[in-house]
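J.: The structure under discussion is supplied below as structure tokens; questions concerning it will follow.
What follows is calculated from the coordinates using simple rules that are stated; it is not laboratory data. A quick note: this is a predicted structure, and the numbers were derived from the prediction, not measured. Positions of Cβ are backbone-derived with ideal geometry, glycine not excepted, and every protein chain shown enters the neighbour counts.
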Amino acid sequence: MNGTIENDLQLTEEKKEHQRIILSSQDHSILEKDIESEALKVLYRLRDAGYSGYLVGGGVRDLYLGNKPKDFDISTNARPGQLRKLFRNSRTIGRRFRLVQVFFRGNKIIEVSTLRSQSEFDSNEPDKEVLPANNTFGTLEEDAFRRDLTINSLFYEIENKTIIDYVGGVQDLNDGIIRIVGEPEQRIIRDPVRMLRAIRHAARNGFTIEEKTLEAIRKHVNKLDLCPTSRIRDELLKDLRGGTSKAWTELAMQTGVFSTLFPFYDELFQDEAEGETVQRELLAMLTALDNIYGQSKGKGRVVFEDAMLFAILLFPWALRRFDLLNQELKGPGYHRLSKAIRTELDHIFARRLNIKRVIKDKITTLFVHMSSLQKNCKNGNWPAWLRKKSYFPDCSRFYALYKEAVAGEAVTDLKQFIEEIPKAEKKEKLAVPAGTKSTAPEKNRRRGGQGNNPAFSSDKCGVFGLLKG
Ligand code: ATP
Ligand code: MG
């Protein structure tokens, strides 16, 4: 790596350890063709309007590693109001920090944020819902230092095709290191969810968590209990869905994260006779889950709902707690078991993670029918009366994962787990969450938009989502 190194005189104490590194296009392998066209349109539009624009965060990280980014985020020195004027089909979201979403055809949203001096989770005034905008805008360097991990703090600019690194993120990407930006303890105390993010990216990329970061995680792991439950739940679901849930769980176990989130497993894991078996079973369930995500690539979308993912995570515990495979489910026995599972789920899991009742009920359904699926299975087939039940499709999927995990019977019928992405969705569906209000100007809404959806230009020469130059 032959990056140009420049001293930056304005670094604060904490930041002095690093010098700004600029990697020229010869020093990295990111090519413009790998960047989504919509993100490029936004970047060029910003440039043409006289603003700076950078690809940031996970997009740069993934491109540098040769992976396909999930999304492309952009940072700019343009303020939210200026962005709204520049991108006609956009809206502003976020209460504490305003972010502009630019809408494109094909369900595509590019999020553009103004460079900030502070993460929304690092605020000194955590109780204030809306921070005064002027206090939070910042320089490129400040924006790098407010981010979570060094590998997530890189900028890519299109003018000279350089990567700009203030925090040693390029070196960490080269070395396979996960390091929290700044002082790990302080950054974790400010936002404990960063612990989950560190583990996620270590698991996803097979990276090693750097020592100071690891120590800080071990020391402050209990602070996860202070986070909003819905944030923890959403982060957890991302990890269960990512295709590397087994690696995530192993790291979570090593760091104390698992025990903090799921203390009901402690006793089972520590059991002399069974502890190892329970752990092995849990990791095997997650491996079966990861296999489905791995095999779905390029084929479609995995159908698992949140309930299925949570059920996989909870199964080894539930199996023992309720003796799930040896139940006689007739009459009141069925209701008694359902009620017992539901009550206990509430107690140990659902309330802690703010899980909706409907999801809790679905998890219960998956557990309660396990014995029936097991008992009635003849050569991998079930009688017609069972196949007709409304719960059968989900329960048989769950059972197939269980069989792969505990009996090594690999899932053969992959189709039951993967659905094709509907053509309509591939084409032109607009990605505006239900119930949200578009801020697209009235004029545009009338021209193309419907109801709460943002409108699109019907002008043949216009670029979707962008004003014509
Ligand atoms: P993914 O591939 O899962 O989307 P990502 O790194 O892009 O990974 P996002 O949740 O999309 O993750 O966040 C975008 C960027 O915002 C991150 O790369 C990071 O720079 C910053 N970020 C996210 N969460 C935090 C946080 N809690 N504290 C500081 N910065 C954060
Ligand atoms: Mg992202």
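J.: Need the full-extension length gain, residue 161 to residue 379, defined as separation in residues times 0.36 nm minus the C-alpha distance. One decimal, nm.
T.: Length gained, residue 161 through residue 379: 72.6 nm.
J.: List the pairs from 70/246; 70/403; 219/356 whose alpha-carbon separation is above 23 Å, in the order I gave them.
T.: Long pairs (Cα-Cα over 23 Å): 70/403; 219/356.
J.: Give me the number: length gained by fully extending residue 390 to residue 328, i.e. 0.36 nm times residue separation minus the C-alpha to C-alpha distance, one decimal in nm.
T.: Result for the pair: 20.4 nm of gain on full extension.
J.: If you don't mind, there's one more thing I want to ask. Going by average Cβ density within 10 Å per residue, which order do the peptides 101-109, 396-404, 221-229, 144-152 take, highest to lowest?
T.: Going from most to least packed, we get 144-152, 396-404, 101-109, 221-229.
J.: Here's another thing I want to ask about it. Which whole-angstrom value gives the distance between the alpha carbon centres of the stretch 221-289 and the stretch 158-184?
T.: Centre-to-centre distance over Cα atoms comes out at 29 Å.
J.: Moving on to the next point. Just tell me which aspartates and glutamates come within less than 12 Å, Cα to Cα, of residue 223; anything on the same chain fewer than 8 places away is out.
T.: Cross-link targets: 185, 191.
J.: Could you state the number of Å between the C-alpha centres of the stretch 296-314 and the stretch 21-52?
T.: 34
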